[in-house]
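In what follows, a single structure is set out as C-alpha coordinates and then discussed.
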Amino acid sequence: RTKAMRSLAHKAARRIALTGTPIDNDPGEWYSIISGYVQPGIFGSPADYFGRYAYPGRFGGYEGARNLAELRKRSRTFYTRYTKAQVAPHLPPLQVTHRPLDTSTKYAAALRRAHRDAAEETKRAAVERASRSAAATGVLDGQMLDQVEAGAEMTAVGMLNLLCLSPRLIWRSEAPSAKALCDADIIPDEDGPKLDELRLLCAELQSNDRRVVVFTSSRRMTDLIAERFDEDGIRYVTFTGHTSTADRDTAIKTFNAPGTNDDPGPTVFLATDAGGEGLNLGGQCSLLVNMDIPWTPGRLAQRSARIHRLDGTAEHYQVYNFTLRATIEEGILKLVEHKADLADAIFGESGGRQRSTGRGGRSIFEDALGDWTRNQDAAKT
(Lines give C-alpha, C1' and ligand atoms only; values in the text may rest on other atoms or scores of the structure.)
Protein backbone atom coordinates (compact mmCIF):
# COMPACT_ATOMS: atom_id res chain seq x y z
CA ARG A 1 0.00 0.00 0.00
CA THR A 2 2.83 2.39 0.81
CA LYS A 3 4.49 1.79 -2.56
CA ALA A 4 1.22 2.32 -4.41
CA MET A 5 0.54 5.47 -2.40
CA ARG A 6 3.96 6.93 -3.22
CA SER A 7 3.51 6.15 -6.90
CA LEU A 8 0.24 8.06 -6.96
CA ALA A 9 1.71 10.93 -4.98
CA HIS A 10 4.30 11.68 -7.64
CA LYS A 11 1.58 11.86 -10.31
CA ALA A 12 -0.86 14.07 -8.39
CA ALA A 13 -0.83 17.87 -8.41
CA ARG A 14 -2.58 18.04 -5.03
CA ARG A 15 -2.64 15.47 -2.28
CA ILE A 16 -4.65 15.05 0.93
CA ALA A 17 -4.08 12.09 3.24
CA LEU A 18 -6.88 11.09 5.63
CA THR A 19 -6.24 8.76 8.56
CA GLY A 20 -7.58 8.27 12.06
CA THR A 21 -4.49 6.39 13.24
CA PRO A 22 -1.48 8.15 11.70
CA ILE A 23 1.08 6.66 14.11
CA ASP A 24 0.48 3.20 15.53
CA ASN A 25 3.98 1.86 16.09
CA ASP A 26 6.93 4.13 15.31
CA PRO A 27 7.97 7.45 13.67
CA GLY A 28 8.47 5.65 10.37
CA GLU A 29 4.71 5.62 9.79
CA TRP A 30 4.63 9.41 10.01
CA TYR A 31 7.48 9.60 7.49
CA SER A 32 5.51 7.45 5.03
CA ILE A 33 2.47 9.73 5.26
CA ILE A 34 4.10 13.18 5.23
CA SER A 35 7.36 12.74 3.34
CA GLY A 36 6.21 9.80 1.24
CA TYR A 37 2.83 11.17 0.18
CA VAL A 38 1.68 14.62 1.33
CA GLN A 39 4.91 16.51 0.61
CA PRO A 40 7.37 14.09 -0.99
CA GLY A 41 10.91 14.49 0.25
CA ILE A 42 10.16 17.14 2.88
CA PHE A 43 11.96 15.14 5.58
CA GLY A 44 14.87 14.19 3.32
CA SER A 45 16.01 10.65 2.81
CA PRO A 46 14.95 7.83 5.13
CA ALA A 47 18.49 7.78 6.51
CA ASP A 48 18.28 11.51 7.30
CA TYR A 49 14.90 11.11 8.99
CA PHE A 50 15.60 8.01 11.04
CA GLY A 51 19.06 9.19 11.95
CA ARG A 52 17.48 12.27 13.50
CA TYR A 53 14.27 10.90 15.02
CA ALA A 54 15.19 7.33 16.00
CA TYR A 55 18.15 5.44 17.44
CA PRO A 56 20.45 3.06 15.58
CA GLY A 57 19.29 -0.50 16.18
CA ARG A 58 21.62 -2.90 17.94
CA PHE A 59 21.15 -5.41 15.14
CA GLY A 60 20.80 -2.98 12.24
CA GLY A 61 18.03 -0.59 11.26
CA TYR A 62 16.51 1.85 13.73
CA GLU A 63 14.43 1.67 16.88
CA GLY A 64 12.83 3.95 19.44
CA ALA A 65 12.16 7.67 19.01
CA ARG A 66 13.88 10.95 19.88
CA ASN A 67 13.78 14.69 19.08
CA LEU A 68 10.00 14.50 18.91
CA ALA A 69 9.40 18.14 19.83
CA GLU A 70 11.43 19.13 16.79
CA LEU A 71 9.56 16.64 14.61
CA ARG A 72 6.24 18.03 15.81
CA LYS A 73 7.37 21.57 14.93
CA ARG A 74 8.55 20.54 11.45
CA SER A 75 5.33 18.64 10.77
CA ARG A 76 2.84 21.23 11.99
CA THR A 77 2.55 23.00 8.63
CA PHE A 78 1.44 19.87 6.84
CA TYR A 79 -1.43 18.51 8.91
CA THR A 80 -4.66 19.44 10.66
CA ARG A 81 -5.82 17.17 13.43
CA TYR A 82 -9.19 17.08 15.20
CA THR A 83 -9.80 14.82 18.15
CA LYS A 84 -13.19 13.35 18.97
CA ALA A 85 -13.44 15.63 21.99
CA GLN A 86 -13.19 18.61 19.62
CA VAL A 87 -15.68 17.49 16.96
CA ALA A 88 -18.17 15.84 19.32
CA PRO A 89 -18.13 17.82 22.58
CA HIS A 90 -21.64 16.59 23.34
CA LEU A 91 -20.38 13.02 23.76
CA PRO A 92 -19.54 11.84 27.26
CA PRO A 93 -15.89 10.72 27.42
CA LEU A 94 -15.20 7.05 26.86
CA GLN A 95 -14.22 5.41 30.15
CA VAL A 96 -11.71 2.58 29.70
CA THR A 97 -11.28 0.19 32.61
CA HIS A 98 -8.47 -2.34 32.96
CA ARG A 99 -9.78 -5.54 34.55
CA PRO A 100 -6.90 -7.91 35.42
CA LEU A 101 -8.03 -11.41 36.34
CA ASP A 102 -6.39 -14.11 38.47
CA THR A 103 -5.88 -17.69 37.35
CA SER A 104 -6.07 -21.04 39.09
CA THR A 105 -2.84 -22.64 40.30
CA LYS A 106 -2.75 -25.18 37.48
CA TYR A 107 -3.60 -22.56 34.88
CA ALA A 108 -0.79 -20.30 36.15
CA ALA A 109 1.69 -23.18 35.91
CA ALA A 110 0.62 -23.89 32.33
CA LEU A 111 1.04 -20.22 31.45
CA ARG A 112 4.57 -20.17 32.87
CA ARG A 113 5.42 -23.19 30.74
CA ALA A 114 3.92 -21.54 27.65
CA HIS A 115 5.88 -18.34 28.27
CA ARG A 116 9.14 -20.30 28.48
CA ASP A 117 8.35 -22.12 25.22
CA ALA A 118 7.52 -18.83 23.48
CA ALA A 119 10.73 -17.20 24.69
CA GLU A 120 12.83 -20.11 23.43
CA GLU A 121 11.17 -19.88 20.04
CA THR A 122 11.82 -16.22 19.33
CA LYS A 123 15.01 -14.74 17.98
CA ARG A 124 18.13 -15.11 20.08
CA ALA A 125 18.36 -11.36 20.63
CA ALA A 126 14.78 -11.22 21.87
CA VAL A 127 15.36 -14.13 24.21
CA GLU A 128 18.43 -12.42 25.63
CA ARG A 129 16.41 -9.27 26.25
CA ALA A 130 13.66 -11.23 27.96
CA SER A 131 15.86 -13.48 30.07
CA ARG A 132 16.73 -10.73 32.54
CA SER A 133 13.10 -10.08 33.45
CA ALA A 134 11.54 -13.45 32.68
CA ALA A 135 13.96 -15.80 34.43
CA ALA A 136 12.07 -15.83 37.68
CA THR A 137 8.45 -15.51 36.56
CA GLY A 138 8.40 -16.69 32.97
CA VAL A 139 6.77 -13.40 31.92
CA LEU A 140 7.96 -11.82 28.68
CA ASP A 141 9.24 -8.25 28.94
CA GLY A 142 7.03 -5.72 27.19
CA GLN A 143 10.07 -4.17 25.50
CA MET A 144 10.63 -7.29 23.42
CA LEU A 145 7.08 -7.73 22.21
CA ASP A 146 7.63 -5.88 18.95
CA GLN A 147 10.23 -8.53 18.13
CA VAL A 148 7.97 -11.30 19.38
CA GLU A 149 5.23 -10.18 17.02
CA ALA A 150 7.58 -10.38 14.05
CA GLY A 151 9.69 -13.19 15.49
CA ALA A 152 11.10 -16.15 13.64
CA GLU A 153 8.81 -19.11 14.49
CA MET A 154 5.42 -18.13 15.89
CA THR A 155 3.98 -21.52 16.86
CA ALA A 156 4.64 -21.27 20.59
CA VAL A 157 3.76 -17.58 20.67
CA GLY A 158 0.45 -18.33 18.99
CA MET A 159 -0.13 -21.12 21.51
CA LEU A 160 0.56 -18.67 24.33
CA ASN A 161 -1.93 -16.15 22.97
CA LEU A 162 -4.62 -18.83 22.73
CA LEU A 163 -3.85 -20.05 26.23
CA CYS A 164 -4.27 -16.51 27.60
CA LEU A 165 -7.75 -16.46 26.09
CA SER A 166 -8.83 -19.87 27.36
CA PRO A 167 -7.19 -23.24 28.14
CA ARG A 168 -10.12 -24.81 26.31
CA LEU A 169 -8.71 -23.55 23.01
CA ILE A 170 -5.58 -25.64 23.54
CA TRP A 171 -7.67 -28.72 24.23
CA ARG A 172 -9.46 -28.14 20.92
CA SER A 173 -6.29 -27.53 18.91
CA GLU A 174 -5.12 -30.14 16.40
CA ALA A 175 -1.48 -29.10 16.74
CA PRO A 176 0.77 -31.96 17.96
CA SER A 177 2.39 -29.68 20.53
CA ALA A 178 -1.02 -28.79 21.96
CA LYS A 179 -2.05 -32.43 22.16
CA ALA A 180 1.22 -33.28 23.89
CA LEU A 181 0.61 -30.64 26.55
CA CYS A 182 -2.92 -31.88 27.16
CA ASP A 183 -1.84 -35.55 27.26
CA ALA A 184 0.81 -34.60 29.83
CA ASP A 185 -1.94 -33.07 32.02
CA ILE A 186 -0.28 -29.65 31.85
CA ILE A 187 -3.29 -27.75 30.47
CA PRO A 188 -6.22 -27.39 32.91
CA ASP A 189 -9.61 -28.58 31.70
CA GLU A 190 -11.42 -25.26 32.20
CA ASP A 191 -12.70 -22.24 30.32
CA GLY A 192 -10.57 -19.80 32.28
CA PRO A 193 -11.42 -16.57 34.15
CA LYS A 194 -12.01 -14.41 31.06
CA LEU A 195 -14.85 -16.53 29.76
CA ASP A 196 -16.23 -17.08 33.26
CA GLU A 197 -16.27 -13.31 33.86
CA LEU A 198 -17.87 -12.62 30.48
CA ARG A 199 -20.67 -15.12 31.07
CA LEU A 200 -21.55 -13.53 34.41
CA LEU A 201 -21.46 -10.05 32.91
CA CYS A 202 -23.64 -10.91 29.91
CA ALA A 203 -26.20 -12.73 32.06
CA GLU A 204 -26.54 -9.61 34.20
CA LEU A 205 -26.78 -7.35 31.16
CA GLN A 206 -29.47 -9.49 29.56
CA SER A 207 -31.54 -9.44 32.74
CA ASN A 208 -31.37 -5.63 32.63
CA ASP A 209 -32.10 -5.36 28.88
CA ARG A 210 -28.66 -3.93 28.13
CA ARG A 211 -26.36 -4.76 25.23
CA VAL A 212 -22.62 -5.21 24.81
CA VAL A 213 -20.07 -5.53 21.99
CA VAL A 214 -17.43 -8.22 22.61
CA PHE A 215 -14.16 -8.30 20.64
CA THR A 216 -11.56 -11.04 20.43
CA SER A 217 -8.72 -11.55 17.95
CA SER A 218 -9.45 -15.29 17.68
CA ARG A 219 -12.29 -16.86 15.70
CA ARG A 220 -11.81 -20.00 17.80
CA MET A 221 -12.61 -17.92 20.84
CA THR A 222 -15.78 -16.56 19.25
CA ASP A 223 -16.88 -20.15 18.59
CA LEU A 224 -16.23 -21.11 22.22
CA ILE A 225 -18.02 -18.04 23.55
CA ALA A 226 -20.98 -18.74 21.28
CA GLU A 227 -21.24 -22.28 22.67
CA ARG A 228 -21.31 -20.99 26.24
CA PHE A 229 -23.90 -18.36 25.33
CA ASP A 230 -26.08 -21.11 23.85
CA GLU A 231 -25.80 -23.00 27.14
CA ASP A 232 -26.63 -19.87 29.15
CA GLY A 233 -29.46 -18.70 26.92
CA ILE A 234 -27.65 -15.46 26.06
CA ARG A 235 -28.94 -13.88 22.85
CA TYR A 236 -26.12 -12.93 20.45
CA VAL A 237 -25.05 -12.30 16.87
CA THR A 238 -21.59 -12.94 15.42
CA PHE A 239 -19.39 -11.00 13.00
CA THR A 240 -16.14 -12.67 11.88
CA GLY A 241 -14.10 -13.07 8.74
CA HIS A 242 -16.07 -16.24 7.99
CA THR A 243 -19.47 -14.53 8.30
CA SER A 244 -21.19 -14.05 4.94
CA THR A 245 -22.02 -10.55 3.72
CA ALA A 246 -25.75 -11.17 4.12
CA ASP A 247 -25.30 -12.48 7.66
CA ARG A 248 -23.07 -9.51 8.54
CA ASP A 249 -25.73 -7.06 7.39
CA THR A 250 -28.36 -8.93 9.35
CA ALA A 251 -26.20 -8.99 12.51
CA ILE A 252 -25.66 -5.21 12.39
CA LYS A 253 -29.32 -4.46 11.66
CA THR A 254 -30.58 -6.78 14.38
CA PHE A 255 -28.17 -5.49 17.01
CA ASN A 256 -29.00 -1.85 16.27
CA ALA A 257 -32.77 -2.36 16.28
CA PRO A 258 -34.63 -1.42 19.48
CA GLY A 259 -35.96 -4.38 21.42
CA THR A 260 -39.66 -5.07 21.88
CA ASN A 261 -41.66 -7.23 24.27
CA ASP A 262 -42.02 -9.89 21.59
CA ASP A 263 -38.42 -9.59 20.34
CA PRO A 264 -35.93 -8.11 22.84
CA GLY A 265 -33.11 -8.52 20.33
CA PRO A 266 -29.53 -9.75 20.87
CA THR A 267 -27.66 -8.90 24.04
CA VAL A 268 -24.20 -9.44 22.53
CA PHE A 269 -22.50 -8.46 19.29
CA LEU A 270 -19.63 -10.99 19.20
CA ALA A 271 -16.87 -10.05 16.78
CA THR A 272 -13.29 -10.52 15.70
CA ASP A 273 -11.32 -7.60 14.25
CA ALA A 274 -13.20 -8.17 11.00
CA GLY A 275 -15.76 -5.92 12.70
CA GLY A 276 -13.21 -3.51 14.11
CA GLU A 277 -13.68 -0.76 11.50
CA GLY A 278 -16.54 1.01 9.80
CA LEU A 279 -19.43 -0.34 11.87
CA ASN A 280 -21.86 1.81 13.84
CA LEU A 281 -22.98 -0.26 16.83
CA GLY A 282 -23.79 2.54 19.26
CA GLY A 283 -27.47 2.89 18.57
CA GLN A 284 -28.54 0.59 21.42
CA CYS A 285 -25.21 -0.10 23.11
CA SER A 286 -22.73 1.84 25.25
CA LEU A 287 -20.56 -1.01 26.61
CA LEU A 288 -17.68 -2.89 24.95
CA VAL A 289 -15.45 -5.73 26.20
CA ASN A 290 -12.01 -6.60 24.83
CA MET A 291 -11.22 -10.23 25.59
CA ASP A 292 -7.61 -9.62 24.51
CA ILE A 293 -5.36 -6.64 23.84
CA PRO A 294 -4.29 -5.92 20.24
CA TRP A 295 -0.69 -4.88 19.57
CA THR A 296 -1.45 -1.22 18.80
CA PRO A 297 -3.45 1.59 20.42
CA GLY A 298 -4.96 2.35 17.02
CA ARG A 299 -6.68 -1.00 16.87
CA LEU A 300 -8.00 -0.56 20.38
CA ALA A 301 -9.29 2.87 19.39
CA GLN A 302 -10.97 1.42 16.31
CA ARG A 303 -12.73 -1.20 18.40
CA SER A 304 -13.91 1.38 20.94
CA ALA A 305 -15.16 3.67 18.18
CA ARG A 306 -17.78 1.08 17.20
CA ILE A 307 -19.92 2.29 20.12
CA HIS A 308 -18.51 5.78 20.80
CA ARG A 309 -20.01 7.45 17.74
CA LEU A 310 -20.66 11.04 16.73
CA ASP A 311 -24.41 10.39 16.71
CA GLY A 312 -24.34 8.70 20.13
CA THR A 313 -26.99 9.60 22.68
CA ALA A 314 -25.99 7.43 25.67
CA GLU A 315 -25.28 9.07 29.03
CA HIS A 316 -21.99 7.18 29.40
CA TYR A 317 -19.71 4.85 27.42
CA GLN A 318 -17.61 2.09 28.95
CA VAL A 319 -14.86 -0.26 27.74
CA TYR A 320 -13.52 -3.21 29.76
CA ASN A 321 -10.11 -4.66 28.88
CA PHE A 322 -9.78 -8.21 30.23
CA THR A 323 -6.22 -9.41 30.90
CA LEU A 324 -4.54 -12.13 32.95
CA ARG A 325 -2.12 -11.11 35.67
CA ALA A 326 1.59 -12.01 35.35
CA THR A 327 1.38 -12.96 31.66
CA ILE A 328 2.49 -11.68 28.29
CA GLU A 329 -0.63 -9.52 28.31
CA GLU A 330 0.96 -7.24 30.90
CA GLY A 331 3.83 -6.73 28.46
CA ILE A 332 1.39 -6.04 25.62
CA LEU A 333 -0.30 -3.38 27.75
CA LYS A 334 3.06 -1.69 28.33
CA LEU A 335 3.88 -1.82 24.63
CA VAL A 336 0.52 -0.31 23.69
CA GLU A 337 1.06 2.45 26.27
CA HIS A 338 4.51 3.23 24.87
CA LYS A 339 3.04 3.51 21.38
CA ALA A 340 0.25 5.76 22.67
CA ASP A 341 2.89 7.94 24.38
CA LEU A 342 4.74 8.24 21.07
CA ALA A 343 1.68 9.54 19.24
CA ASP A 344 0.95 11.96 22.09
CA ALA A 345 4.51 13.30 21.93
CA ILE A 346 4.46 13.88 18.17
CA PHE A 347 1.06 15.61 18.19
CA GLY A 348 1.52 17.47 21.47
CA GLU A 349 -1.40 15.67 23.12
CA SER A 350 -1.89 13.71 26.32
CA GLY A 351 -4.00 10.93 27.78
CA GLY A 352 -3.38 8.41 25.00
CA ARG A 353 -2.47 5.56 27.32
CA GLN A 354 -5.54 6.18 29.50
CA ARG A 355 -7.80 6.10 26.45
CA SER A 356 -6.14 2.90 25.19
CA THR A 357 -5.58 0.72 28.24
CA GLY A 358 -7.41 2.46 31.05
CA ARG A 359 -4.18 2.90 32.99
CA GLY A 360 -2.77 6.32 33.79
CA GLY A 361 0.68 7.30 34.96
CA ARG A 362 3.43 9.32 33.41
CA SER A 363 4.44 8.66 29.82
CA ILE A 364 7.84 7.20 28.94
CA PHE A 365 8.90 10.66 27.74
CA GLU A 366 7.91 12.29 31.03
CA ASP A 367 9.90 9.59 32.84
CA ALA A 368 12.90 10.28 30.60
CA LEU A 369 12.73 14.01 31.33
CA GLY A 370 12.42 13.28 35.05
CA ASP A 371 15.51 11.08 34.95
CA TRP A 372 17.42 13.78 33.06
CA THR A 373 16.42 16.44 35.62
CA ARG A 374 17.46 14.26 38.53
CA ASN A 375 20.81 13.54 36.88
CA GLN A 376 21.39 17.27 36.31
CA ASP A 377 20.54 18.07 39.91
CA ALA A 378 22.87 15.31 41.14
CA ALA A 379 25.70 16.65 38.94
CA LYS A 380 25.29 20.15 40.44
CA THR A 381 25.64 18.83 43.96
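The values are calculated or read from the model by the stated rules, or taken from the named source; none is laboratory data. Keep in mind the model is a prediction, meaning the values are calculated, not measured. Heads up, the Cβs are rebuilt from the backbone with ideal geometry, glycines too, and the neighbour counts pull from every protein chain shown. Heavy atoms of the whole protein, side chains included, go into the accessibility calculation; ligands, DNA and RNA do not. Shrake-Rupley method; radii C 1.70, N 1.55, O 1.52, S 1.80 Å.
Points to keep in mind about this one:
- Qualifying residues in the stretch 236-251 (those that are more than 23 Å from the chain's Cα centre (by Cα) and of a type in the set (A, V, I, L, M)) - the one nearest to VAL268 (Cα to Cα): ALA251
- Cβ pairs under 8 Å, 6+ apart, first in the stretch 277-302 and closer than 18 Å to CYS164 by Cβ, second in a helix (DSSP H, G or I) and basic (Lys, Arg): ASN290/ARG303; MET291/LYS194; PRO294/ARG303; THR296/LYS339
- Of all the residues in the stretch 31-51, those that are open to solvent by 40 Å² or more (accessible area, probe 1.4 Å), hydrophobic (A, V, I, L, M, F, W, C) and in contact (Cβ under 8 Å) with a residue 12 or more places away in the chain number 2.
- Answer residue from the stretch 273-292, given it is under 12 Å from the mean Cα position of the chain (by Cα) and within 17 Å of ARG248 (Cα to Cα) and is most open to solvent (accessible area, probe 1.4 Å) among those: ASP273
- Complete set of residues in the stretch 58-68 that are out of contact with any Gly (no Cβ under 7 Å at 6 or more places or on another chain) and surrounded by 12 or more Cβ atoms within 10 Å (Cβ to Cβ): TYR62, GLY64, ALA65, ARG66, ASN67, LEU68
- Residue within the stretch 208-221 that is of a type in the set (Phe, Trp, Tyr), crowded, with 19+ Cβ neighbours inside 10 Å, out of contact with any Asp or Glu (no Cβ under 6 Å at 6 or more places or on another chain) and more than 16 Å from LEU279 (Cβ to Cβ) present: no
- Selection status of THR103, closer than 30 Å to GLY192 by Cα, touching a residue at least 24 places away in the same chain (Cβ under 8 Å) and not in a strand (DSSP E or B): yes
- Scanning the stretch 234-264 for residues that are part of a helix (DSSP H, G or I) and open to solvent by 50 Å² or more (accessible area, probe 1.4 Å) returns THR245, ALA246, ASP247, ARG248, ASP249, THR250, LYS253, THR254.
- Residues of the stretch 245-264 satisfying the condition of being in contact (Cβ under 8 Å) with a residue 40 or more places away in the chain and farther than 18 Å from ILE225 by Cα: GLY259, PRO264
- Counted residues, the stretch 79-98 - those being at pLDDT 90 or above, surrounded by 14 or more Cβ atoms within 10 Å (Cβ to Cβ) and over 30 Å from GLU197 (Cβ atoms): 1
- Residue within the stretch 14-30 that is part of a helix (DSSP H, G or I), surrounded by fewer than 18 Cβ atoms within 10 Å (Cβ to Cβ) and without any contact (Cβ under 8 Å) to a residue 24 or more places away in the chain present: no
- Scope the stretch 265-276; condition free of Cβ contacts under 8 Å to residues at least 60 places away in the same chain and part of a loop (DSSP other than H, G, I, E, B); matching residues: GLY265, PRO266, THR272
- Contact annotation: residue pairs with Cβ atoms under 6 Å, 6 or more positions apart or on different chains, pairing a residue in the stretch 327-338 that is in a helix (DSSP H, G or I) with a partner that is of a type in the set (Lys, Arg), are GLU337/ARG353.
- Breaking point among (1) in contact (Cβ under 8 Å) with a residue 24 or more places away in the chain; (2) open to solvent by 10 Å² or more (accessible area, probe 1.4 Å); (3) not in a helix (DSSP H, G or I), for ALA203: (3)
- Of the residues PHE322, PHE347, the single one that is at pLDDT 90 or above and either more than 15 Å from ARG299 (Cα to Cα) or not β-branched (Val, Ile, Thr) (or both) is PHE322.
- Among the residues of the stretch 159-200, the ones that are under 23 Å from GLY331 (Cβ atoms), assigned to a helix (DSSP H, G or I), open to solvent by 10 Å² or more (accessible area, probe 1.4 Å) and touching a helix residue (DSSP H, G or I) at 6+ places or on another chain (Cβ under 9 Å) come to 6 in all.
- Selection status of ALA343, assigned to a helix (DSSP H, G or I) and over 30 Å from TYR107 (Cα atoms): yes
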